[in-house]
Ligand SMILES: [Fe+2]
Ligand SMILES: [Fe+2]
């Protein structure tokens, strides 16, 4: 589970809002996955993961424009990291593992969440001058 906390703040209001929104979407996927009572939940989880990807793409574009506006020197390499991540997500076959889909989706979600978390702390904070 991923919970928003001040440690993730980069101090740019709109960016912080968008990061918080990414966490919230991921949190919804976790809740569904963990809910043992729900049957036929996998389509909904895949939908949320796709929503998460779409929102990440929207966020990356906003963030890249922001970095450009402040003349961030490492904009290009930051853009490459965003693009690599999107490419990885695009390469996921959500229906690959039918017999153990719950575990497969949890692994995808954990990968996505860890990437976002590490990227905010290690990279986004750089353009904000925090690391
Ligand atoms: Fe970023
Ligand atoms: Fe970001």
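In the range 27-46, the qualifying residues are those that are free of Cβ contacts under 8 Å to residues at least 60 places away in the same chain and in contact with a helix residue (DSSP H, G or I) (Cβ under 7 Å, 6 or more places away or on another chain), and the one that is farthest from residue 108 (Cα to Cα) is 38.
Exactly one residue out of 32, 38, 75 is within 16 Å of ligand 1 (Cβ to nearest atom) and farther than 18 Å from residue 117 by Cα, and it is 75.
Looking only at residues of the range 4-18 that are surrounded by 10 or more Cβ atoms within 10 Å (Cβ to Cβ) and in a loop (DSSP other than H, G, I, E, B), we find that the one that is nearest to the chain's Cα centre (by Cα) is 4. Consider residue 21 carefully, then state whether it is free of Cβ contacts under 8 Å to residues at least 12 places away in the same chain, closer than 28 Å to residue 127 by Cβ and surrounded by 11 or more Cβ atoms within 10 Å (Cβ to Cβ). Judged against the criteria, residue 21 is not a match.
Throughout, read-outs are computed from the coordinates displayed, never taken from laboratory work. The structure presented is a predicted model; accordingly, all values stated were derived computationally and were not measured. In this analysis, Cβ positions are derived from the backbone assuming ideal geometry, glycine residues included, and neighbour counts consider all displayed protein chains.
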